[in-house]
Structure formats: C-alpha cells, structure tokens
Amino acid sequence: VALPLENLSGGRRALVAFVRYLGVSLEYIAAVIVLAEIVVLFSGVVSRYVFHTPIVWSDELASTFFLWLSMLGAVVALRRGAHMRMTAVVSKLSRERQALVEVFGVVASLAFLALFLLPAWEYAHDEAMITMPALEISKMWHAVAIPLGCMLMIVTAMLRLAIQGKARDVAIAVLVVAALVAAFYVFGPSLKTLGKLNLFIFFVLIVGVNVFAGVPIAFSFALATFGYLALTTRTPMPVMVGRVEEGMSHLVLLAVPLFVYLGLLIEMTGMAKAMVQFLASLLGRVRGGLSYVLVGAMYLVSGISGSKIADMAAVAPVLFPEMKERGAKEGDLVALLSVTGAQTETVPPSIVLITIGSVTGVSIAALF
C-alpha cells in the first residue's frame with residue numbers, strides 16, 4: 001500500500017501503517033525461511049554426496065518450510081496486488097469502472113478464502129493425529145500453514161478494501177459476490193443433474209468470467225474448483241485442501257524460489273553484467289551485434305538462474321542504453337527481450353519445465 005501517511009485521515013493512516021508493518025514482518029519471516037531452506041538443502045546435499053551419510057529429516061523439514069514460504073508468499077503477493085491476473089479487458093475501462101473491478105477482484109478472492117478456511121482447519125486438525133516419520137513431530141505443524149495463511153490473506157484483503165476501496169464500490173462488489181454465491185448454493189441440487197456439463201459451466205464460464213474480470217488467476221481456478229466439488233460431487237472439502245497441500249509442498253518445486261534467489265544473486269554481484277560485457281566484446285562491432293549479444297546473454301544467464309524475470313532485469317539495464325544510442329527503437333528492444341525470454345524457457349534449469357514435471361509426473365531429466 002504505497003500511500004503517503006501525511007495525506008490520510010487518522011483512522012486510515014493507522015490502517016496503512018499497520019499494513020506496512022505487517023507486510024514488512026511477513027517479508028522478513030519469508031526471507032529467514034528462504035535462508036533456512038538453503039542451509040537445510042545444502043547440508044543435506046553435502047551430507048549425502050560428500051560424507052555418504054544422508055540426513056533423513058532434511059527432506060521433510062525442507063518440505064514444511066516450503067509450504068510455509070508458499071503461504072506467506074501468497075499473503076505478500078495479495079498485499080502488493082502482485083498475483084498474476086489478466087488486465088487486457090480491465091485496462092480498457094474508465095477509471096471509475098477499473099476501481100470497481102479492482103475491488104471486485106479482491107472481494108472474489110476474499111469469498112474463496114472465507115469458504116476455504118473451515119475445510120483448511122478441518123484438514124489441519126485431522127493431520128494432527130499423524131506423526132512425521134523422520135522429524136517425529138505432529139504433521140499439524142506442516143498442515144497448519146494453510147489455514148493460517150488463509151487467515152492472513154483474509155486480514156490483508158479486508159485491509160486493502162478498507163484503505164483503497166470506496167465504500168460504494170465495496171458495497172456493490174460484496175452484494176454481487178454474495179448474490180452469486182447464494183445463487184449457486186440454492187441451485188446446487190439442480191447442477192448435479194447436469195452431469196459433465198458442469199465442467200463447462202465451472203471451468204470455462206466461471207473461470208473465463210473471473211479471469212477477464214481481473215480476478216487473480218489462482219483464485220479464479222480455486223473458486224471454480226471449490227464450487228464444482230462442493231455443489232456437484234460428494235467429495236469432502238478437506239480432500240481439496242489435501243491436494244493443495246500436496247502440490248504446494250512438492251520437493252521438486254523447491255527449485256523455483258532457489259532459482260529466483262540465484263538469479264537475483266547473479267544480478268546483485270555483477271556476474272550477469274560481466275557476462276554481457278564479455279559477449280559484447282566479441283560481437284559488439286558486428287552489424288546488429290548488440291542484438292545478438294542480447295539473445296546470447298539471455299541464453300547464457302538463463303542456463304544459470306532459471307528465472308526469466310531475473311534474467312531480463314539483469315540483461316536489459318546493461319544493453320538497452322547503448323543500443324538506444326546506436327538508433328535502436330525502444331519497442332523493438334522490448335519485443336526482442338520478451339521473445340528471447342519466452343524462448344529461453346527451454347534452457348535448463350527452467351522454472352516452467354520444473355513446474356510441468358512436478359504437476360504431470362514427467363521426468364525432469366527427460367524434459368531437459
């Protein structure tokens with residue numbers, strides 16, 4: 001929430017200050033968890049491959065840390081409005097309607113979190129009876145990250161509405177979302193008779209409307225999945241929580257935050273700049289040489305960091321000023337950088353390939 005405190009009333013100023021302190025605290029906790037993940041995984045690798053005495057509890061602890069990191073990251077992203085969403089349609093609306101749609105997206109996310117919270121607590125309570133084999137502690141310490149994360153996201157969403165949303169927009173969005181939830185609940189028995197048509201209703205119509213309305217993509221699919229399971233099947237909702245927990249604590253996905261960390265480390269230490277300058281010294285004098293350098297640098301850095309956002313952030317500031325001085329158009333530079341960034345997803349290590357392998361069960365080595 002980037003609002004100047006001196007321009008706000010007393011109550012709203014206190015809310016903004018509280019949100020800032022809460023956000024900074026969560027970010028520090030997440031940073032500590034990332035460092036703990038690095039220490040645990042590094043110790044496990046050294047113990048396994050150097051001393052040939054594996055640390056049996058390292059994988060369980062790393063998985064637990066990652067689940068907590070994922071939930072805290074979701075809270076931080078919701079506070080910053082950084083959850084991935086489609087804004088192509090929303091951006092064409094007037095400012096007043098954009099503000100209303102923004103509020104609607106937050107309220108829709110809040111509706112899912114409110115519906116999801118009780119099954120999450122039930123799942124955590126059930127997991128309390130299970131003992132983790134290596135750590136020998138209750139698995140509740142692992143599973144409780146989900147309901148606590150949902151609670152923090154609910155608080156964050158409500159604070160965003162209180163600070164940034166107009167009372168009229170919030171009231172309209174709440175009424176619309178409540179009416180839609182009530183309508184689906186009332187017509188739930190009728191939906192069961194539609195059979196496979198429900199797949200089209202929930203995963204095409206509802207997801208499509210939410211995505212184009214600017215609701216974060218994760219919450220769009222979560223709302224559709226929750227509604228489909230709750231209204232058209234007999235599946236207990238804690239089962240959905242279990243699937244979420246299983247997916248979010250998968251060890252393969254641990255590579256994602258660590259690759260992002262590595263990419264930022266390469267950028268901060270100047271290693272990426274040195275590699276780009278080396279390529280420029282080889283190809284810089286060739287006609288259009290800096291364009292070749294841009295493509296080559298993206299491939300070179302991609303093979304190290306795994307994070308395309310970090311790659312583009314490292315390469316662009318080094319090359320763009322010189323390329324502009326040589327007459328290159330800014331739009332052409334951005335297009336070349338974007339296309340190369342998308343293409344280098346095929347270069348290992350790649351977060352996209354790792355995620356696909358984790359979800360589908362395909363061998364990561366085969367994908368590479």
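Numbers below:
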{"quantity": "Rounded tilt (10° steps) of 271-283 against the dominant C-alpha axis of the chain", "calculated": "50"}
{"quantity": "Under Karplus coefficients 6.51, -1.76 and 1.60, residue-wise ³J(HN,Hα) of the range 354-368 in Hz, glycine/proline x", "calculated": "5, 5, 4, x, 5, 6, 8, x, 6, 4, 5, 4, 5, 5, 5"}
{"quantity": "Charge tally in the Cβ shell below 14 Å around ILE309, where Lys, Arg are +1 and Asp, Glu are -1, ILE309 excluded", "calculated": "-2"}
{"quantity": "Relative contact order (%) - criterion: Cα under 8 Å, at least six apart; region: the range 160-292", "calculated": "15"}
{"quantity": "Helix 145-164 vs. the chain, principal-axis angle (Cα, 0 to 90°, nearest 10)", "calculated": "90"}
{"quantity": "Protein accessible area in the range 216-307, 1.4 Å probe - carbon and sulfur %", "calculated": "69"}
{"quantity": "Estimated D of the range 1-130 in µm² per second, where Rh is the Kirkwood radius over Cα pairs and Stokes-Einstein applies at 20 °C, 1.002 mPa s", "calculated": "116"}
{"quantity": "Under 26 Å, Cα to Cα: Lys pairs in the chain, sequence gap 8 or more or different chains", "calculated": "7"}
{"quantity": "Note, ³J(HN,Hα) from phi for the range 179-195, Karplus 6.51, -1.76, 1.60, rounded to Hz, x at Gly and Pro", "calculated": "5, 5, 4, 5, 5, 5, 5, 5, 8, x, x, 5, 5, 4, 7, 7, x"}
{"quantity": "The range 254-280 and the range 83-159: distance between their alpha carbon centers, rounded to Å", "calculated": "32"}
{"quantity": "Karplus 3J(HN,Hα) series, Hz, for the range 78-93 with 6.51 cos²θ - 1.76 cosθ + 1.60 (x for Gly, Pro)", "calculated": "5, 5, 7, x, 9, 5, 4, 8, 9, 10, 4, 7, 4, 5, 8, 7"}
{"quantity": "Options PRO321, LEU300, PRO238, ranked by Cα towards positive dipole end of the range 232-368, top entry (Cβ charges)", "calculated": "PRO321"}
{"quantity": "Percentage relative contact order, the range 252-368, counting C-alpha pairs under 8 Å, at least six apart", "calculated": "31"}
{"quantity": "Cα gyration tensor, the chain - rounded (a/c under 1.5), prolate or oblate", "calculated": "oblate"}
{"quantity": "Rounded percent of accessible protein surface that carbon and sulfur make up, the range 313-368, 1.4 Å probe", "calculated": "63"}
{"quantity": "ILE217-ALA77 pseudo-label distance in nm [points 7 Å out on the Cα-to-Cβ vector]", "calculated": "1.0"}
{"quantity": "Relative contact order of the chain, defined on C-alpha pairs under 8 angstrom at six or more residues apart (%)", "calculated": "16"}
{"quantity": "Net charge of Cβ neighbours under 13 Å - reference ARG97; Lys, Arg +1; Asp, Glu -1", "calculated": "+1"}
{"quantity": "Residues of the chain: accessible area per residue with a 1.4 Å probe, Å²", "calculated": "55"}
{"quantity": "FRET efficiency estimate (nearest 0.05) - Cβ-Cβ, PHE368 to ILE137, R0 41 angstrom", "calculated": "0.70"}
{"quantity": "Where labels lie 7 Å past Cα in the beta-carbon direction, separation of TYR28 and TYR185 in nm", "calculated": "4.0"}
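The values are calculated or read from the model by the stated rules, or taken from the named source; none is laboratory data. Because the structure is a prediction, the values reported are computed rather than measured. Using ideal geometry, Cβ is built from the backbone for each residue, glycine included, and neighbour counts are taken over all protein chains shown. Note: accessible area is taken over every heavy atom of the protein model, side chains too, but ligands, DNA and RNA are not part of it. Shrake-Rupley method; radii C 1.70, N 1.55, O 1.52, S 1.80 Å.
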